[in-house]
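Visitor: Let me begin by handing over the structure; questions about it come next.
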Amino acid sequence: MMTINNEVQKPDDATLIVRRILNATPELAFQAWTSAEHIQQWMRHRPGMVVPLASMDLRVGGKFRIQMKMTDGEFFTAVGEFREVKAPSRLVYTWDWEKDGSGTEFGEVEGKSSLITVEFLKRGERTEFVLTHSRFATVESRDSHTEGWGKIVESLAKFVEKE
Amino acid sequence: MVEYTSKMLDRTFGALADPTRRRILAQLAKGGECVTDLARPHAMSLAAVSKHLIVLEKAGLVKRRRKGRVHSLTLEAKPMKEAQAWIDRYRKFWEGNLDQFEKYLDELQTKETKHDDDK
């Protein structure tokens with residue numbers, strides 16, 4: 001799946017798509033995904049790590065900052081800006097990492113901004129969750145993406161799945 | 001109906017749609033070659049091969065290097081590998097987070113049900 005998506009793009013760009021069926025309504029899933037208090041509870045890609053700080057200004061143009069602390073004390077701090085906020089079904093935001101990340105306020109970023117689209121689709125009592133994370137080698141390719149590239153990749157993925 | 005408006009998508013699909021261009025890519029995958037070498041097995045003129053190569057270059061699939069009058073061609077594998085590494089890194093990151101997210105949602109719901117029972 002993911003390799004297929006990658007193949008139809010310019011080779012130095014990349015798109016990752018992750019899907020899950022969640023045992024919750026889109027409303028609850030959206031809330032848990034976007035509120036700082038909830039994020040501090042669940043955001044752990046490795047066991048033992050913690051999220052000492054999280055802030056979410058959930059509106060178009062609003063910023064977020066999620067500070068992740070590894071078990072060895074190293075910080076990974078993600079920051080970005082919301083481009084689309086349509087509760088409870090859709091979110092689009094940029095994603096970058098702070099160079100240092102140990103501070104309590106927004107710090108200097110690496111500048112390799114990528115783009116994330118998250119969709120919460122109602123499936124009866126459950127939710128189909130689709131996260132699309134796109135890396136862009138150039139600003140132009142990122143801008144062309146925001147004009148609907150994500151949707152195209154998504155549709156392609158669905159098409160390929162049916163085949 | 002999906003509109004395929006992306007120039008990138010058009011280019012890459014366009015580049016891969018042609019059987020001759022796919023054969024050229026397959027040949028390049030074996031190692032760098034010059035334009036005349038590529039023309040031979042396809043029974044084509046140099047001009048025709050050049051046209052195909054321009055399409056492949058624009059799609060970012062092929063890189064051309066000039067050494068005097070000889071143009072040597074290579075498949076651009078490095079950007080593809082980098083892209084794959086990026087994807088693998090973030091796949092681990094998001095899959096890890098989503099495992100926890102799922103568990104957390106279950107916990108939230110259990111709490112809610114308990115609250116309802118207390119009422």
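Visitor: Can you give the FRET efficiency to the nearest 0.05 for A:Arg59 and B:Gln84, using r as the Cβ-Cβ distance and R₀ = 30 Å?
Guide: FRET efficiency, A:Arg59 to B:Gln84: 0.30.
Visitor: What is the distance in Å between the Cα centroid of region A:48-112 and that of region A:10-42?
Guide: Cα centroid to Cα centroid, the span is 14 Å.
Visitor: Tally Lys/Arg at +1 and Asp/Glu at -1 over every other residue whose Cβ is under 10 Å from the Cβ of A:Gly80; what's the total?
Guide: +1
Visitor: Within region A:43-104, list the trypsin sites (Lys or Arg not before Pro) lying in a DSSP loop whose Cβ has at most 12 other Cβ atoms in a 10 Å radius.
Guide: When the trypsin sites (Lys or Arg not before Pro) of region A:43-104 are filtered for loop state and at most 12 Cβ neighbours within 10 Å, A:Arg59, A:Lys99 remain.
Visitor: Could you give the nm distance between label points at B:Thr20 and A:Gln31, where each point is 7 Å from its Cα heading toward the beta carbon?
Guide: It is 6.2 nm.
Visitor: Per-residue mean of other chain beta-carbon atoms within 10 angstrom of the beta-carbon, peptide B:19-25?
Guide: What the average comes to for B:19-25 is 0.
Visitor: Given H placed 1.01 Å from N in the peptide plane, which residues other than close sequence neighbours of B:Cys34 have an amide H under 5 Å from its amide H?
Guide: Counting only residues 5 or more places away or on other chains, the set is B:Leu73.
Readers should treat all values here as calculations from the given coordinates under stated rules, not as data from a laboratory. Since the structure is predicted, the reported quantities are computational estimates derived from the model, not experimental observations. Heads up, the Cβs are rebuilt from the backbone with ideal geometry, glycines too, and the neighbour counts pull from every protein chain shown.
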